[in-house]
Amino acid sequence: MHWPEEEAARYRAAGYWRGETFGGLLRDLAAAYGPRPALISPTARWTFRDLDERADRLAAGLRASGIRRGDRVVVQLPNVPEFHQVCFALFRIGAWPVFALPGHRSAEISYFCSFTEAAAYICPDDEHRAYAPGTPAHVLGELPETDPDEGDPSESGPHRPAPGDVAFLQLSGGSTGLPKLIPRTHDDYIYSFRASAEICALRPDSVYLCALPAAHNFPMSSPGVFGALSAGAASVLAPDPSPGTCFPLVERERVTIAALVPPLALVWLDAAATTGHDLSSLEVLQVGGAKFGREAAKRVRPELGCTLQQVFGMAEGLVNYTRLDDDEETIVATQGRPISPDDEIRVLDDDGRDSDQGHLLTRGPYTIRGYWRAEEHNRTAFTDDGFYRTGDIVRRTPTGHLVVEGRAKDQINRGGEKISGEEVENHLLAHPAVHDASVVAVPDPYLGERACAYVICRGDPPSGAELRAFLRGRGIAVFKIPDRFEFVDAFPQTAVGKVSKRHLRERT
Ligand code: OOB
């Protein structure tokens with residue numbers, strides 16, 4: 001799961017891994033920027049010192065409730081300052097947050113809790129407790145804060161988390177039956193967001209708007225709230241990403257940089273045309289998580305008056321950015337180039353030969369070498385020499401920028417929300433009338449892609465509405481419920497007799 005020592009030594013020598021932990025980093029930031037604003041929401045303003053102290057108080061309370069170094073804690077919270085307080089409290093204990101998304105429901109949460117043998121579930125309200133019946137829950141608003149003990153065990157002694165330790169488990173977008181968990185270390189993650197903050201030219205008077213779910217890798221670390229903190233900058237946490245909520249926040253807090261997925265960027269562009277709010281503080285709009293089309297990309301500078309930055313990243317590690325000083329054609333037509341000079345990029349054709357266009361593989365100082373507790377899957381998801389097979393099809397330009405051309409993995413990218421075809425198929429197969437199911441992406445002008453389920457039934461087919469209700473009853477996240485159902489007698493097959501998802505996609 002970890003990097004070979006030789007490579008780790010190289011990443012340390014290059015100054016990427018600096019031997020820091022999240023707990024120590026926040027302590028240093030509080031010393032440097034104490035009274036400056038760190039986290040702002042419509043109803044709260046926390047300084048760096050507030051965040052540092054509140055993380056200590058929560059760490060003490062959670063420790064008193066029995067949470068220890070190495071324990072897993074499933075965290076599912078909305079965009080509130082307490083989300084980051086929880087993160088840093090757990091980081092200080094050395095317990096690992098497992099970052100669930102706000103849209104996850106009982107099917108996902110109960111799986112995360114059981115698979116990780118979670119010691120606790122930190123959730124937004126009492127109703128969520130039912131998602132994880134066997135796991136002790138802590139509810140937002142009643143988090144256990146107490147005075148930290150003298151000689152806080154997180155800051156000294158053998159129980160202190162080490163820089164090479166896993167800091168948390170992030171979720172993979174998923175292309176298999178069950179989501180995979182991504183172990184990120186203090187060293188590797190801190191490097192990724194510090195370098196990102198530099199690429200995005202963050203400075204103490206920058207203001208980052210976190211409008212996407214804070215637990216996702218993009219608004220967390222690209223550069224996200226962590227990157228903003230590391231630069232001494234403030235982050236504004238928006239309860240939802242709509243222009244109605246965000247534009248007043250941009251105006252009030254003089255936001256300089258915001259991150260969106262493509263469908264939201266389109267909504268913002270349309271709303272900006274008629275808004276009465278002053279958006280002139282915006283310097284950079286980051287768009288990523290799914291492909292942002294060239295025509296839409298071209299609108300950003302003239303219509304929002306700011307620089308577009310395309311972001312092509314993955315929770316497994318590698319993140320690419322267009323640079324702020326790239327020429328306009330590169331900004332609108334590519335998905336950027338890697339953060340690090342030591343991000344190794346391989347582009348292979350179907351026969352495994354190096355090529356300008358094909359399968360993207362990567363290895364580097366902040367890309368994992370294996371999923372957590374997934375040995376069998378790791379054998380195919382990684383090469384023997386440690387490259388991660390991203391499942392993305394890209395073209396590499398002479399300048400080293402990547403253009404995302406498609407995908408080889410079994411996933412639907414619904415406007416940035418990732419859906420594993422196989423995961424939804426397994427739920428559909430639990431329905432007594434479903435003989436077989438195949439869930440594929442279909443193009444959509446607004447979301448980029450939507451999910452379509454092709455279903456072979458036993459006897460009379462149920463209606464789409466009935467299957468939708470069935471899936472809802474299974475407790476899966478609403479964004480995973482297919483937008484369309486097509487009932488068929490058979491699936492097209494590949495030469496070796498597998499279901500040909502490519503042919504199914506072409507049918508629509
Ligand atoms: C981000 O992370 P994930 O883990 O939710 O999804 C990763 C996948 C990529 O493998 C790729 O298939 C797709 O999302 N993707 C893009 C893209 N950005 C991500 N496809 C086309 N164009 C883009 N700009 O989505 C993520 C993580 C960190 C930063 C930004 C996005």
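The values are calculated or read from the model by the stated rules, or taken from the named source; none is laboratory data. Just so you know, these numbers come straight off a predicted model, no measurement behind them. With ideal geometry, Cβ positions are generated from the backbone for all residues, glycine too; neighbour counts draw on all protein chains shown. Accessible surface is based on the protein model in full, side chains and every heavy atom, while ligands, DNA and RNA are left aside. Shrake-Rupley method; radii C 1.70, N 1.55, O 1.52, S 1.80 Å.
A few remarks follow.
- In this entry, region 66-217 is assigned a mean projected area of 10.5 nm², taken as a quarter of its C-alpha convex hull surface.
- Kirkwood's formula applied to the C-alpha pairs of region 343-466 gives a hydrodynamic radius of 16.9 angstrom.
- Excluding exposed DSSP-loop trypsin sites (Lys or Arg not before Pro) (at most 10 other C-beta within 10 Å), longest clean stretch of the chain: 1-352
- Of the whole protein surface, T146 contributes about 60 Å² of accessible area at a 1.4 Å probe radius.
- Rounded to 5, the percent of DSSP beta bridges in the chain classed as antiparallel: 60
- Geometric descriptor of the chain, per residue, is 150 Å³ (volume of the convex hull of the Cα atoms).
- Placing pseudo-labels 7 Å out from each Cα toward the beta carbon at E295 and V139 gives an inter-label distance of 4.9 nm.
- Sequence-distant lysines (8 or more away, or on other chains) whose Cα lies within less than 18 Å of K418: K180, K291, K409, K480, K501
- Global form of region 224-270, assessed from the alpha-carbon gyration tensor, a/c cut-off 1.5: prolate
- Surface composition of the chain: carbon and sulfur make up 49 percent of the accessible area, probe 1.4 Å.
- Kirkwood Rh, Cα atoms: Rg over Rh of region 164-233: 1.03
- Volume per residue of the convex hull around the Cα atoms, evaluated for region 267-388, comes out as 147 Å³.
- Shape summary: region 435-479 maps onto an equivalent ellipsoid whose semi-axes, from the alpha-carbon gyration tensor, are 21, 15, 9 Å in decreasing order.
- Alpha carbon convex hull of region 420-508, projected area averaged over orientations, nm²: 5.9
- Shape category assigned to region 1-135 from the gyration tensor of Cα positions, a/c cut at 1.5: oblate
- Only helices enter the 222 nm calculation for the chain: every DSSP H run of n ≥ 4 contributes -39,500 (n - 2.57), and dividing by all residues gives -9000 deg cm²/dmol, rounded to 500.
- Between A31 and D384, full extension at 0.36 nm per residue minus the direct alpha carbon distance yields a gain of 122.7 nm.
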